[in-house]
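Trainee: Below you will find the structure I want to go over with you.
Every number in this text was worked out from the coordinates using simple rules, so none of it is lab data. Bear in mind the structure is a predicted one, so any value in this text is a computation, not a measurement. Ideal geometry is used to build each Cβ from the backbone, glycine not excepted, and the neighbour counts take in all protein chains shown.
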Amino acid sequence: MESTNKNIISSFKVQDELNPNIWYYDGESYKMKPEIRISLLDIVKDYEDFVDVELDIDDITLTGSLSNFNWSEFSDVDLHILMDFEDADPLLKKYLDSRRIIWNSLRDVTVKDFDVEVYVQDTNEPHFATGVYSVMYDDWLAEPNYTEFTLEPEKILKKSKLWMEKIDKIEDDSKRKEPQVVL
């Protein structure tokens with residue numbers, strides 16, 4: 001376990017370029033490789049077919065470390081489906097989230113060996129990221145900048161231990177209580 005922790009922590013570094021399996025540099029900026037874009041759009045189509053609801057999608061975005069210079073072998077594809085839920089039935093978002101969890105658990109979806117995680121996001125929900133790419137419109141919404149940073153492994157381990165303790169507590173509670181009580 002200690003060795004795995006060290007591998008994970010050492011993977012957190014600024015890369016010289018965006019992941020070359022996902023991006024290419026056209027001389028001015030990074031663009032998503034066309035075959036990756038098509039794969040991501042196909043994944044969203046599969047999710048839409050799975051939920052059996054026609055989705056009124058505003059955008060589909062890639063965010064997280066794979067849309068930034070801090071990617072590593074531990075990165076995943078954070079694929080966000082943006083929809084406006086302001087006038088929608090309040091149960092729609094809950095339904096789509098529950099179906100998303102099932103969809104993600106039933107499928108082993110990867111792109112270039114990175115796990116794909118689909119998330120349905122309200123268009124009006126603030127999302128803070130330094131790299132956000134519109135897969136739907138094939139353009140940056142927030143283009144990342146290369147910046148150095150100093151990694152503090154002790155802080156990472158301390159924070160991760162707190163999260164692991166919270167997760168363990170939820171798991172323990174779920175074994176002792178009815179599921180709706182835990183949530």
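Trainee: For LYS33 and ASP122, compute 0.36 nm times the residue count separating them, minus their Cα-Cα distance, and round to one decimal in nm. Before the final figure, lay out the partial values.
Mentor: On the way: separation 89, 0.36 × 89 = 32.04 nm, distance 2.64 nm.
Computed gain between LYS33 and ASP122 is 29.4 nm.
Trainee: Which entries in LYS13/LYS158; LYS112/LYS169; LYS31/LYS94; LYS13/LYS112 show an alpha-carbon gap greater than 26 Å?
Mentor: Values: LYS13/LYS158 18 Å; LYS112/LYS169 34 Å; LYS31/LYS94 33 Å; LYS13/LYS112 20 Å.
Violating the 26 Å limit, Cα to Cα: LYS112/LYS169; LYS31/LYS94.
Trainee: Still on this structure, please answer the following. How high is the FRET efficiency from LEU106 to LEU41, r the C-beta distance, R0 22 Å, rounded to 0.05?
Mentor: Working: r = 20 Å, r/R0 = 0.91.
With R0 = 22 Å, the Cβ-Cβ based efficiency is 0.65.
Trainee: Next question, about the same structure. Give, in nm to one decimal, the length gained when the segment between GLU86 and ILE167 is fully stretched (0.36 nm per residue of separation minus the Cα-Cα distance). Present the calculation step by step, with values, prior to reporting the outcome.
Mentor: Details: separation 81, 0.36 × 81 = 29.16 nm, distance 3.11 nm.
Using 0.36 nm per residue and subtracting the Cα-Cα distance, I get 26.1 nm.
Trainee: Based on the mean of other Cβ atoms within 10 Å per residue, sort peptides 66-74, 21-29, 114-122 so the most packed one is first. Intermediate values should be presented prior to the final figure.
Mentor: Working: 66-74: 19.9, 21-29: 12.2, 114-122: 17.7.
Ranked from most to least packed, the peptides come out as 66-74, 114-122, 21-29.
Trainee: Follow-up. Starting from the amide H of TRP71, placed 1.01 Å from N in the peptide plane, find each other amide H under 5 Å away whose residue is 5 or more places distant or on another chain.
Mentor: Under 5 Å from the amide H of TRP71 lie the amide H atoms of GLN15, each far enough along the sequence or on another chain.
Trainee: Antiparallel versus total DSSP beta bridges in the stretch 69-169: what percent is that, nearest 5? Walk me through the numbers on the way to the answer.
Mentor: Numbers: 5 of 12 bridges.
Just about 40 percent of them are antiparallel.
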